[in-house]
Ligand SMILES: [Zn+2]
């Protein structure tokens, strides 16, 4: 019976974003890279409390840590140490961020001049280009990013989020999808943000999935492990004590960028059915299943996942066997005298 219903060894019963146990599996998805296991299928699970969607099983914290280490896969694939020294790229990115700040200003959130303490924190700052753009506006910047900290010498780098209020601007641009425990992270941001401070968040726009169709970009193992819709962002911000500043969405294409402010009454605004946007987005997007049709879609998700896993692991097994056979045949060929 076990082989008929898919139960990954490290399946989690808690939401990766808020820790709630009110989760449900929305889809089964093929994942090529799941180190340390022969399994090739993960669930896309959703949380009824916060509306976040996450890859299940989740990567272990050690996998994430080594992935985002200075010599880890993420830094190596993007050659971030070279990026930090690339002046042409830097000029281009600074220009792009200046455009983004101008668009935000047009929507009523002007960060082009320092305000409050004049201190800004860029969490997950990468090669530091957004800090460059902010510094050009006059902000004093600090960055946090384990992958680039050793290479980034032109900005002040921190190891952890400070516990005292000192920043008037905090940004996490395309970071929240890479980590888990988003609600706790947002609470930490709140702890070091001044009363009148602004929080900027950008994530891949999951609720616009039917429009851009980049599902694997939005959610995959082990990089984009959590996906957030507009409703989920609003909900987790409210859980952490932030109010979304209206009208700041959709500044970038395929990306959801919002500004938020601290609020004492945010918790009262937690939306009902926050998962509905993610369910609708997945319903209208291509599934990537091994079969299609209404009958297949009506079968239990664990059964479909088991069939998918058998299909993909069988494919890998056959590929390995073919390779071994070819190697054996090559060894058996005796060169003619
Ligand atoms: Zn949750």
Counting just the Cα atoms, what span does the range 112-160 cover along each of its three principal axes? Round to the nearest Å and put the largest first. 29, 19, 14
More than 15 Å apart: what percent of Cα pairs in the range 68-122 qualify? 66 percent
Against the 2.2 N^0.38 Å rule of thumb, the C-alpha Rg of the range 1-94 sits at a ratio of 1.43
Using the Kirkwood formula on the Cα atoms of the range 60-151, what hydrodynamic radius do you get, in angstrom to one decimal? 14.2 Å
Beyond 15 Å, what share of the Cα-Cα pairs of the range 271-336 remains, rounded to the nearest whole percent? 71 percent
Relative to the first principal axis of the alpha-carbon coordinates of the chain, what is the inclination of helix 301-332, with its axis defined by its Cα atoms, in degrees from 0 to 90 and to the nearest 10? 60 degrees
Hey, what did the chain get for relative contact order, percent, Cα under 8 Å, at least 6 apart? 20 percent
If the chain were replaced by its equivalent ellipsoid, with semi-axes equal to the square roots of 5 times the Cα gyration tensor eigenvalues, what would those be, largest first, whole Å? 39, 27, 17
What does the helix-only formula give at 222 nm for the chain: each DSSP H stretch with n ≥ 4 adding -39500 (n - 2.57), the total divided by the residues, and the result rounded to the nearest 500 deg cm²/dmol? -10500 deg cm²/dmol
Any idea how far the Cα center of the range 194-248 sits from the one of the range 59-115, in Å? 17 Å
Taking the simple approach of a point 7 Å from Cα along Cα-to-Cβ for both residue 20 and residue 82, what is their distance in nm? 4.5 nm
Rg(Cα) of the range 118-259 divided by 2.2 N^0.38 Å? 1.02
Computed over the Cα atoms, what is the radius of gyration of the range 177-283 divided by 2.2 N^0.38 Å, N being its residue count? 1.05
Specify whether the C-alpha gyration tensor of the range 108-189 places it in the rounded, prolate or oblate class, a ≥ b ≥ c being the square roots of the eigenvalues: rounded for a/c under 1.5, otherwise prolate if a/b is larger than b/c and oblate if not. oblate
So, by mean Cβ neighbours within 10 angstrom, what's the order for 205-215, 27-37, 308-318, 290-300 with the highest one leading? 205-215, 27-37, 308-318, 290-300
Sort the following peptides by mean Cβ neighbour count (other Cβ atoms within 10 Å, averaged over residues), highest first: 50-62, 98-110. 50-62, 98-110
Looking at the calculated P(r) for the range 54-98, what percent of the C-alpha pair distances fall above 18 Å? 49 percent
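Each reported figure results from applying straightforward, stated rules to the coordinates on display, with no laboratory input. Because the structure is predicted, anything quoted here is derived from the model rather than measured. Quick reminder, even Gly has a Cβ in these numbers, built from the backbone with ideal geometry, and neighbours come from all protein chains shown.
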